[in-house]
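Every number in this text was worked out from the coordinates using simple rules, so none of it is lab data. The structure displayed is predicted, hence computed values, not measured ones. Note: ideal-geometry Cβ built from the backbone for every residue, glycine included; neighbour counts use all protein chains shown.
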Amino acid sequence: MKILVLTAHPDLNTSRINRAWFDALSDASDVTARDLTAIGGAEMRFDIETEQALLLSHDRIVFQFPFYWYSAPPVLKAWMDQVLSYGFAYGPGGNRLKGREILILVSTGGPEHSYHAGGYNNYSMAEFLKPYQQTANLAGMTYLRPFVAHGMALATQDQIEATVPDMLAHLTDSDLDPKVKQAHLLEQLEDDPIKAAAVS
Ligand SMILES: Cc1cc2nc3c(=O)[nH]c(=O)nc-3n(C[C@H](O)[C@H](O)[C@H](O)COP(=O)(O)O)c2cc1C
């Protein structure tokens with residue numbers, strides 16, 4: 001499985017967690033990690049053919065970013081607006097990304113407990129990330145369970161480093177596709193129809 005990581009941090013030189021993730025991903029096999037800010041420059045302009053060819057030569061696409069105002073930094077939006085074009089990602093003939101996987105890798109300043117109903121951020125990450133989920137739906141991609149590191153505003157360098165193995169394990173887990181996960185579970189239960197019915 002080939003993984004394309006599109007890193008959308010305004011300045012990886014001042015980043016702590018996204019820098020650690022980007023460095024680890026740059027060293028990982030079968031992973032192409034790209035710093036969109038460096039590539040797009042101040043104008044945030046992308047070579048559409050290059051970007052689309054990269055998407056087509058990878059199986060799993062990862063959007064990596066720090067959570068800024070409940071969304072991604074603008075370079076990711078600029079990349080999406082230019083690259084996920086009519087006739088490529090949607091519209092007539094726009095099925096080129098169909099069947100590929102998409103995964104959100106995101107860090108937040110706020111702690112985990114704030115991202116719940118009744119928490120000070122009120123809504124869950126699943127709710128905040130819905131525009132990416134629907135982008136995947138429109139493009140016929142499989143939306144995978146995101147990897148979220150919460151509470152990074154107050155995290156120590158050790159706590160940041162500790163996220164790296166879990167992040168790598170999640171991103172390279174070939175069983176993340178919900179249909180594949182369910183099929184594996186059902187295989188394990190095939191001798192027990194009552195339990196199998198309970199998980200379906
Ligand atoms: C402009 C800006 C907006 C931010 N908005 C949020 C936010 O909406 N929710 C949140 O939990 N953290 C927010 N943060 C905190 C960042 O998510 C946090 O600092 C980042 O994940 C750390 O990543 P880094 O070490 O790679 O920079 C914001 C930070 C900045 C600079």
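Odds and ends about this structure:
- Residue-span extension gain [Ser26 to Gln82] - 0.36 nm each, minus C-alpha spacing: 17.7 nm
- With Rh defined as the Kirkwood radius, the inverse of the mean 1/r over Cα pairs, the Rg/Rh of the stretch 130-200 is 1.12.
- Of the beta bridges in the stretch 1-143, as assigned by DSSP with both residues counted there, near 5 percent are antiparallel.
- Extended-chain gain in nm, criterion 0.36 nm per residue less alpha-carbon gap, Val180 and Lys2: 62.3 nm
- Loop-located chymotrypsin sites (Phe, Trp or Tyr not before Pro) in the stretch 112-200 (DSSP state other than H, G, I, E, B) with a sparse environment of at most 12 neighbouring Cβ atoms within 10 Å: Tyr120.
- Neighbour-count order for Arg145, Arg96, fewest beta carbons within 10 angstrom listed first: Arg145, Arg96
- GluC sites (Glu not before Pro) restricted to the stretch 1-57 and DSSP loop, no more than 15 other C-beta within 10 Å: Glu43
- In terms of other Cβ atoms within 10 Å, Ser29, Ser71, Ser107 run from fewest to most in the order Ser29, Ser71, Ser107.
- Members of Lys130/Lys195; Lys2/Lys179; Lys98/Lys130 lying beyond 23 Å, as alpha-carbon distances in this model show: Lys130/Lys195
- Filtered chymotrypsin sites (Phe, Trp or Tyr not before Pro), the stretch 1-93: DSSP coil and at most 15 other beta carbons within 10 Å: Trp69, Tyr70
- Separation in nanometres of the label points that stand 7 Å from Cα toward Cβ, at Glu161 and Ala197: 5.3
- Extension gain (nm, one decimal) between Ala126 and Glu112, 0.36 nm per residue minus Cα-Cα: 3.8 nm
- For the chain, the convex hull drawn through the C-alpha positions has a volume of 147 cubic angstrom per residue.
- Among Ser114, Ser57, Ser124, the order by Cβ neighbours within 10 angstrom, fewest to most, reads Ser57, Ser124, Ser114.
- Environment charge of Leu12, counting only residues whose C-beta is closer than 13 Å and scoring Lys/Arg +1, Asp/Glu -1: 0
- Proximal charge balance of Ile61 [Cβ under 14 Å; K/R count +1, D/E count -1]: +1
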